[in-house]
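**Q** Here it is: the structure, laid out below.
The values are calculated or read from the model by the stated rules, or taken from the named source; none is laboratory data. Bear in mind the structure is a predicted one, so any value in this text is a computation, not a measurement. Cβ atoms come from the backbone with ideal geometry, glycine included; neighbour counts cover every protein chain shown. We work out accessible area using only protein heavy atoms, side chains counted, and drop any ligands, DNA or RNA first. Shrake-Rupley method; radii C 1.70, N 1.55, O 1.52, S 1.80 Å.
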Amino acid sequence: MIERYGHGGDLETAAEAYGRKETDFLDFSANINPLGPPKQVQDHLEQALSSIIRYPDPGHRQFKHILSRKLGVSEDNICVGNGAAECMSLILLGLYPQSVGIIEPCFSEYRQLSEQFDIEVRSVRGREELDWRGAAEDISELIQQVDMVFIGQPNNPNGVQYSLEELRMLAEKAEQSNTYLVVDEAFIDFIPEEQQASLLRELENYPGTILVRSMTKFYAIPGLRLGFTVAHPDVIRFMTGKQVTWSVNGLALLAGEAALACDGEFEQQTMKLITEQRQALVQGLSALGCEVSAGEANFLLVKLPESWRAIDMQRELGQRGILIRSCAMYPGLGERHVRIAVKDAKANQVFLAEIERVLQNENRE
Ligand SMILES: Cc1ncc(COP(=O)(O)O)c(C=O)c1O
């Protein structure tokens, strides 16, 4: 198993496990835009390298300014973080809930961060017939039992969204119960705007609802780290009050500014690529006897054919230089579940050819 730290994208562990160089893998275990960072971002970073001699702006003012205009919200509604992950930790530190609710399977950091801060975690299980979404009644009940609930929109690892009506109902319920609703929209940029279900435009109706977004996936800068939260100004103040000064580094801020300045072309290219290639992967994997969940994001939850365990498939593919994310450890999922990132046509074809070879190889142990 290569999820030593609980996540995909761990090339160092993979290199140790499979005796290859880190650069020698096609990585389907982390869900990063296959186009890589926009050219404008790369150019800007090259020019900006000499700026590392300066401290970054602790107020993240320029990035926040551009972001507020792009999102159509006030700067007082934004907290910039060292990745969405830091935003989540600041939400927990700033609001200090005694109990947190999660809907499993979900991103492991909701639980891990809560437990790191000694916060009690309660969970409900997503239902297979709802493509692993939580049932509205189960989430409503959870909201009444805890101080804060995390929801993935779209959720990792299954890639599905809740509808806007469901989100409104849950946000309303959260207001009535004095519970914070944290909606993790780290992957929402990969969904065409008209299909995104987000409460971004309605946040003034729900002061207890907090949106978390990431710049690391869509703009392909996970190594730089950049994310943000959109929420009521009081929530933002509590969060920034707990933030380590300069936790967001200068190059990340500059990359973020350049990314937001890109015209729509990068976004359109990404959307086209992901939509077409997700379809190609669904078809290819289904033809090989895999069950593929109905995800809308840039990754797919896949149940391997009956005789296959995720851990065996991960090893077989890893030895061939392809990394996939085992999902066997996600509560609620089984030992046959894996998650596959949607990459470009060339990489996806290599992946499909290799997994076909592995599935046809009857001599495995
Ligand atoms: C659902 C989800 N939210 C948030 C994050 C963290 O994003 P970031 O890289 O911005 O910290 C991840 C990373 O994998 C994720 O899967």
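**Q** What is the Å³ per residue value for the convex hull set by the Cα atoms of the chain? Walk me through the numbers on the way to the answer.
**A** Working: hull volume 48.8 nm³, N = 365.
Taking only Cα atoms, the chain has a hull volume of 134 Å³ per residue.
**Q** Right, next: As an exercise, use a Förster radius of 45 Å and the Cβ-Cβ distance of Asp76 and Lys346 to find the FRET efficiency, rounded to the nearest 0.05.
**A** Here the calculated transfer efficiency is 0.50.
**Q** So what are the ³J(HN,Hα) numbers for segment 146-161, from phi and the Karplus equation (6.51, -1.76, 1.60; θ = phi - 60°), rounded to whole Hz, Gly and Pro as x?
**A** Coupling constants for segment 146-161: 10, 8, 8, 10, 9, 10, x, 9, x, 7, 9, x, 8, x, 9, 9 Hz.
**Q** While we're on this one: Can you run phi through the Karplus equation (6.51, -1.76, 1.60; θ = phi - 60°) for segment 77-94 and list ³J(HN,Hα) in whole Hz, with x for Gly and Pro?
**A** Listing the rounded values in order: 8, 10, 10, 8, x, 6, x, 4, 4, 5, 4, 5, 5, 5, 4, 5, 5, x Hz.
**Q** List the relative contact order of segment 39-260 as a percent without decimals, with contacts defined as Cα pairs under 8 Å and 6+ residues apart.
**A** 31 percent
**Q** Give the aspartates and glutamates reachable from Lys173 as a straight Cα distance under 14 Å; neighbours fewer than 8 places away on the same chain don't count.
**A** List returned: Glu137, Asp138, Glu141, Asp147, Glu165.
**Q** Once amide H atoms are built 1.01 Å from N in the peptide plane, which residues 5 or more positions from Gly81, or in another chain, come under 5 Å H to H?
**A** Amide H neighbours of Gly81, under 5 Å, 5+ apart: Gly227, Phe228, Thr229.
**Q** Enter the accessible area of Lys39 (Å², nearest 10), with the probe set to 1.4 Å and all protein chains included.
**A** 130 Å²
**Q** Kindly work out what percent of the DSSP beta bridges joining two residues of the chain are antiparallel, to the nearest 5.
**A** Here the antiparallel bridges make up roughly 50 percent for the chain.
**Q** Within straight cross-link reach of Lys272, meaning Cα distance under 19 Å, which lysines are found once same-chain residues fewer than 8 apart are removed?
**A** List returned: Lys39, Lys217, Lys343, Lys346.
**Q** So for the pair Glu204, Glu12, with labels modelled 7 Å out along Cα→Cβ, what separation do we get in nm?
**A** For Glu204 paired with Glu12, the spin-label model returns 4.7 nm.
**Q** Just to verify a number: FRET efficiency for Asn178 and Gln360, C-beta to C-beta distance, R0 = 51 Å, to 0.05?
**A** Taking R0 as 51 Å, the efficiency between Asn178 and Gln360 is 0.35.
**Q** Tally Lys and Arg at +1 and Asp and Glu at -1 over the other residues with C-beta under 14 Å from the C-beta of Gly134: what net charge comes out?
**A** With Lys, Arg at +1 and Asp, Glu at -1, the neighbours total -4.
**Q** Check which residues have an amide H placed less than 5 Å from Tyr180's amide H, if you skip close sequence neighbours.
**A** Amide H to amide H, under 5 Å and 5 or more residues apart or across chains, Tyr180 pairs with Met148, Val149.
**Q** So what is the 222 nm mean residue ellipticity for the chain from helices alone, if each DSSP H run of at least 4 adds -39500 (n - 2.57) and you divide by all residues, rounding to the nearest 500 deg cm²/dmol?
**A** -12000 deg cm²/dmol
**Q** Mind giving me the nanometre distance, one decimal, between the label points for Gln116 and Gln40, set 7 Å out from Cα along Cα→Cβ?
**A** 3.3 nm
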